[in-house]
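The values are calculated or read from the model by the stated rules, or taken from the named source; none is laboratory data. None of these values were measured; they are calculated from a predicted model. Glycine also receives a Cβ, built like all others from the backbone with ideal geometry; neighbour counts cover every protein chain displayed. With ligands, DNA and RNA removed, areas are computed over all heavy atoms of the protein, side chains included. Shrake-Rupley method; radii C 1.70, N 1.55, O 1.52, S 1.80 Å.
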Amino acid sequence: MGKAKNLKKRLSSYFSGQKDIKTQILVSRAYSIEYITTANEYEAFILENNMIKEHSPRYNINLKDGKSYPVLRITKETFPRLYKTRRILQDGSKYFGPFPDVGALDIFIETLLRLYPLRHCKKFRKRTSPCMYYHIGRCAAPCCNKISEEAYNEYIGEIESILEGKGKETEDKLQEQMKKAAKALQFEKAARLRDGIAALHILKSQNIVEDFDVEDRDYVAYFCEGELVSFTVLKMRHGKLLGRDNYRTQSLNEGEELMGEFLTAYYTEEVMIPPKIFVSTGTNLKENQRWFKETLQSNTKITVVTDSIENATRHIAAMNMAMQNAKEDIIRRSRERGDTPAMEELQKVLNLPHLPIRIEGFDIAHIGGKFPVASLISFYNGNPDKKNYRYFRLKTTDGIIDDFASMKEAVARRYTRLLNEQDEMPDLILIDGGIGQVNAVESVLSALGLDIPVAGLAKKEEEIYRPGNSIPIKLQKRSDALRLLQRVRDETHRFATSRNQKLRTKENIVSIFEGMPHVGEKRGRLLFTTFVSPEKLVEACREVDSAKPVAQALSIPIEQAEEIRKACVAIVNERLEKKQSLYAPDEPAKDVSSKIKNLADEIHW
């Protein structure tokens, strides 16, 4: 057993390089791998500790001792005390944690004791004079009646709010004190406060794998794609997550029916039923509870997790974890079976000549026409084939908005190259768009003499379009074929958007205004902040019939501002001419001019 931020890298390390005898034997005897996904590394540490102590795996050496991660205890006394401990006593005290990062916990406790004058003595007894902690401002001296019980408990209430994730006011207070200390050149104090804030962020990390609710309970969630359905059950026993079960099935039923069927199929013996079962979706609770009572003589309580239930935050986090594990199981199942049913249905629905083993998808991403990028992704046997992903930095539509022309350029470049290299063609091309984009792509393929089936998936209604037919194909939401097309479409969008964002980050460092007359780096940034684009600068100058807005923005003479305005006009005209060249030469000039004018109005980025 072990934890990993990157599971692929962790597993690969066992199969590469020279290993010791223990690791070699472990690898030789392994025949399957199971994993549980947690929300953060903090939860992974605790889960690893709990499961090693529960199952005592043969090849684990660490964490097999009787020690556990420390918790923070607030005692059940008239004037409570705050300290770190590893012992849990059922004496009414409040416990928070556990906390794998012991160093952060120590810093956090020290910070709290500096902020709040809590008592430090192990045994509380009345005194006639306060101790040293009172004189240095670290204790309110409740032993000498220097503070009332109500005022002291206000401090305890604030600390509990911090530990429950409700202490934003205290965090703001720490930030303010840190800034004041730094301003007063009290750097040591500022550093202590900084460390306290960092420790607070670590300790406030979500933890649902261990709590102090000792009542046993299960969390049940499911995820489905097409007919595939995976259920995940998280088992909380004595306040610790000690196991996870995955249950696989195939069904086209909806949520409430699915959950009801699962509960009766999974829980078959009274001994395995906990007092409470939390489910992700509504079902016929009374009927299910009656079934448990009549068939298995169990009085378990079934609860749908919503914002309105008690301790909702904790239960919602646990349900999200169960949902994530169910989703990942669906992904594994899809990879295992190769998504053949979806490809077979797709072949039938689209009347394809061959099974669409290789599907290539295209999408366009840009910001108001700037940094236009086309993504090409490839699915093989129903799963992503990332080594064949490509992207195209578009040339003909840089600075203008025309998705049809962008799609034509990307498709033409891709399949002209495949023709020249006599490489394998896809069985289906999927376009993120409607009938217009599909027809544009079909025209390019026809010009190249290629007969590759093309389909478009429109986002709004998830309708499928084929070339030359404006009537879309509509599939059921749980259709395997639609699910496969959605996966391809979503992946093309993700890949295009991520590449476009990288280009924006890289190229926005240099403003488009830099290099114009009298404009350097500083003035370029100022013009970009004020006008955003050359089009908007020209428009602002046109409204007042002068370059005065530029002169005011840069505090320069009107003559220099006029030179900058003329440079922007030249850029705008160049873009409009580029846009005009994309239209057919035999198109009426009047129609072209009106289209260009409309498109010019759209270029605001």
Looking only at strands (runs of 3 or more DSSP E) that fall completely inside region 328-444, which ones have 1 or more residues that are out of contact with any Ser or Thr (no Cβ under 9 Å at 6 or more places or on another chain) and not β-branched (Val, Ile, Thr)?
-> 370-380, 390-393, 428-431
Of all residues making up region 318-352, the number that are open to solvent by less than 50 Å² (accessible area, probe 1.4 Å), within 30 Å of Leu242 (Cβ to Cβ) and of a type in the set (A, V, I, L, M, F, W, C) = 6
Is it the case that Tyr133 is within 16 Å of Glu110 (Cα to Cα) and either open to solvent by 60 Å² or more (accessible area, probe 1.4 Å) or touching a Phe, Trp or Tyr at 6+ places or on another chain (Cβ under 9 Å) (or both)?
-> yes
Check whether at least one residue in region 180-191 is of a type in the set (Asp, Glu), in contact with a strand residue (DSSP E or B) (Cβ under 6 Å, 6 or more places away or on another chain) and either open to solvent by 10 Å² or more (accessible area, probe 1.4 Å) or modelled with pLDDT of 75 or more (or both), and report yes or no.
-> no
Of the residues in region 226-254, how many are open to solvent by 10 Å² or more (accessible area, probe 1.4 Å) and among the hydrophobic types (A, V, I, L, M, F, W, C)?
-> 2
Could you check how many residues of region 302-327 are over 27 Å from the mean Cα position of the chain (by Cα) and in a helix (DSSP H, G or I)?
-> 0
Arg119 meets each of (1) open to solvent by less than 50 Å² (accessible area, probe 1.4 Å); (2) touching a Ser or Thr at 6+ places or on another chain (Cβ under 9 Å) with one exception, condition (2)
Note on Ile74: of the conditions (1) more than 30 Å from Pro117 (Cα to Cα); (2) at pLDDT 75 or above, unmet is (1)
Qualifying residues in region 260-292 (those that are of a type in the set (S, T, N, Q) and under 16 Å from Met319 (Cβ atoms)) - the one modelled with the lowest pLDDT = Thr283
Starting from region 1-15, take each residue that is under 13 Å from Glu34 (Cα atoms) and among the small types (Gly, Ala, Ser) and list its partners that are part of a loop (DSSP other than H, G, I, E, B) and open to solvent by less than 100 Å² (accessible area, probe 1.4 Å), counting only C-beta distances under 8 angstrom and pairs at least six apart or across chains.
-> Gly2/Asn60
Scan Lys395, Lys386, Lys408 and give me the residue that is without any contact (Cβ under 8 Å) to a residue 24 or more places away in the chain and closer than 21 Å to Leu448 by Cα.
-> Lys395
Could you tell me whether Ala365 is in contact with a helix residue (DSSP H, G or I) (Cβ under 7 Å, 6 or more places away or on another chain), under 30 Å from Ile33 (Cβ atoms) and either touching a residue at least 60 places away in the same chain (Cβ under 8 Å) or of a type in the set (Ser, Thr, Tyr) (or both)?
-> no
If the Cβ limit is 7 Å and pairs must be 6+ apart or interchain, which residue in region 108-129 that is under 21 Å from Leu174 (Cβ atoms) pairs with which residue that is open to solvent by 30 Å² or more (accessible area, probe 1.4 Å) and charged (D, E, K, R)?
-> Ile109/Lys84; Leu113/Arg138; Pro117/Arg138; Leu118/Arg81
Among the candidates Ile147, Ile159, residue that is modelled with pLDDT of 75 or more, farther than 30 Å from Ala312 by Cβ, aliphatic (A, V, I, L, M) and more than 29 Å from the chain's Cα centre (by Cα) | Ile147
Condition test on Thr111, is it of a type in the set (S, T, N, Q) and closer than 22 Å to Ala190 by Cβ?
-> yes
Give the number of residues within region 411-448 that are closer than 16 Å to Pro467 by Cβ, of a type outside the set (Gly, Ala, Ser) and free of Cβ contacts under 8 Å to residues at least 40 places away in the same chain.
-> 9
Of all residues in region 66-102, count the ones that are under 21 Å from Cys139 (Cβ atoms) and either open to solvent by less than 70 Å² (accessible area, probe 1.4 Å) or touching a Ser or Thr at 6+ places or on another chain (Cβ under 9 Å) (or both).
-> 14
Selection from region 445-479 of residues that are among the acidic types (Asp, Glu), open to solvent by 40 Å² or more (accessible area, probe 1.4 Å) and within 13 Å of Gly434 (Cβ to Cβ) = Glu461, Glu462
Determine whether region 263-283 contains at least one residue that is charged (D, E, K, R), open to solvent by 40 Å² or more (accessible area, probe 1.4 Å) and under 29 Å from the mean Cα position of the chain (by Cα).
-> no
Residues in region 499-517 that are surrounded by 15 or more Cβ atoms within 10 Å (Cβ to Cβ) and either modelled with pLDDT of 85 or more or in a loop (DSSP other than H, G, I, E, B) (or both): how many?
-> 5
